[in-house]
Structures are given as structure tokens and as C-alpha cells.
Amino acid sequence: MRERRIVAVREPQQHPLLRYFKETGEERFHSFFGVPLLDRGDPVGVLVLQTREPRDFTAVETSALSSVAYQVASIVVNAACWTR
């Protein structure tokens, strides 16, 4: 995520910043929610949720998913340290 911020969109296939690869079968998803996984501001991954029905994510959901992403980022960074 070059923007290093949450991206939440309906109909992600039509969004100019999201890459869509037809071979993945993602056309069945109509909502995209991506939260960057950051380590000291550097990206280490993205937590992605997709839904089959178009929807907007609430502020409560956004907050909860941000908290989950923070924890997952820590796990990813610690796992990477063990594999070096």
C-alpha cells in the first residue's frame, strides 16, 4: 500500500489505484477493505477483507480491523526475525 492508509471501496475492479487480476476470480467481490501492516512506518503487508455484497465498513469495524492489523503486523515482524 503505497499510501500507507486504510483503503475501503465498493466495486474495487473500477478503482484506479487497485490492481485487478481476472484470473484470481475476484470479480465476485464487490467491496474491498485493506489495512496496511506497518513496522515503524514501513509496510510489511496488508490485511485485506473482501465481501461478495457491496457494503461500507463502519467506524467501529474500521477501528477493530485497525487493531487487528496492528497485532498482525507485530506477529509478521517477529516471524521475519526468526527466519533470518
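Descriptive notes on the structure:
- Selection status of Val68, among the aliphatic types (A, V, I, L, M) and closer than 18 Å to Val9 by Cα: no
- Under the condition of being open to solvent by 60 Å² or more (accessible area, probe 1.4 Å) and out of contact with any Pro (no Cβ under 7 Å at 6 or more places or on another chain), the residues counted in the range 21-43 number 9.
- Pairs, first closer than 14 Å to Arg52 by Cα in the range 7-36, second surrounded by 10 or more Cβ atoms within 10 Å (Cβ to Cβ) and charged (D, E, K, R), C-beta under 7 Å, six or more apart: Gln13/Glu27; His30/Arg10; His30/Glu11; Ser31/Arg10; Ser31/Arg55
- Counting only strands (runs of 3 or more DSSP E) that sit completely within the chain, those holding 1 or more residues that are among the acidic types (Asp, Glu), on the phi < 0 side of the Ramachandran plot and more than 14 Å from the chain's Cα centre (by Cα) correspond to 31-39, 42-51.
- Counted residues, the range 57-80 - those being open to solvent by 70 Å² or more (accessible area, probe 1.4 Å) and modelled with pLDDT under 90: 1
The values are calculated or read from the model by the stated rules, or taken from the named source; none is laboratory data. Source: prediction; values computed, not measured. Cβ atoms come from the backbone with ideal geometry, glycine included; neighbour counts cover every protein chain shown. We work out accessible area using only protein heavy atoms, side chains counted, and drop any ligands, DNA or RNA first. Shrake-Rupley method; radii C 1.70, N 1.55, O 1.52, S 1.80 Å.
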